[in-house]
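For reference, the structure discussed in these notes is given below.
Derivation of every value follows stated rules applied to the coordinates shown; laboratory data play no part. Please read these numbers as outputs of a predicted model, since none were measured by experiment. Cβ sites come from the backbone with ideal geometry, for glycine too, and all protein chains shown count toward neighbours.
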Amino acid sequence: MNYDNVKFHEVLYALGIRGWKILTAPETEEYFLANFSRRTGIGTNDMGEPMAVLSNNPDDFGVTWSQITTKHAELVTDYNNKVYARNRKAEYDQLNQFEMQFDDDRDSTTTWVDKINEIKGRHPK
């Protein structure tokens, strides 16, 4: 799986999975099953301090590899479908919109609206 645009932790978060541990994002089901663990409780260490109790039993994961790959594909599709929004935002962020609006109100011009429409025209939905 390619985690360039949608990270493994984002997939688990979208699936409602919290309290997990893995060294690197899994590319295969075998790696996932061998290296993923999930917090199942809180225990204490030798000094009596609280610590997470982790399980590497797939029955405790609350998620399957199939659910992960399906949700990842869904999130990647959603990310790809919103390229226009990211492009618009990059251009919007370069504008001093409040000043443009103030100047338009003061000068009875439409500079701000014209610029926004121009950006939207370059990056349609």
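Provide the descending list of Cα extents for the chain along its principal axes, expressed in whole angstroms.
Extents along the principal axes, in whole Å: 72, 35, 19.
I'm checking a number: the convex hull volume of the Cα atoms of region 54-105, normalised per residue, in Å³. What is it?
Considering the Cα atoms of region 54-105, their hull volume per residue is 145 Å³.
Give, rounded to the nearest 20 debye, the magnitude of the charge dipole that the chain has about its Cα centre when Lys and Arg contribute +1 at Cβ and Asp and Glu contribute -1 at Cβ.
Around 220 debye, computed over the chain.
Grab the chain and count how many Lys pairs have their alpha-carbon atoms under 19 Å apart, sequence gap of 8 or more, or different chains.
Here the count comes out as 11.
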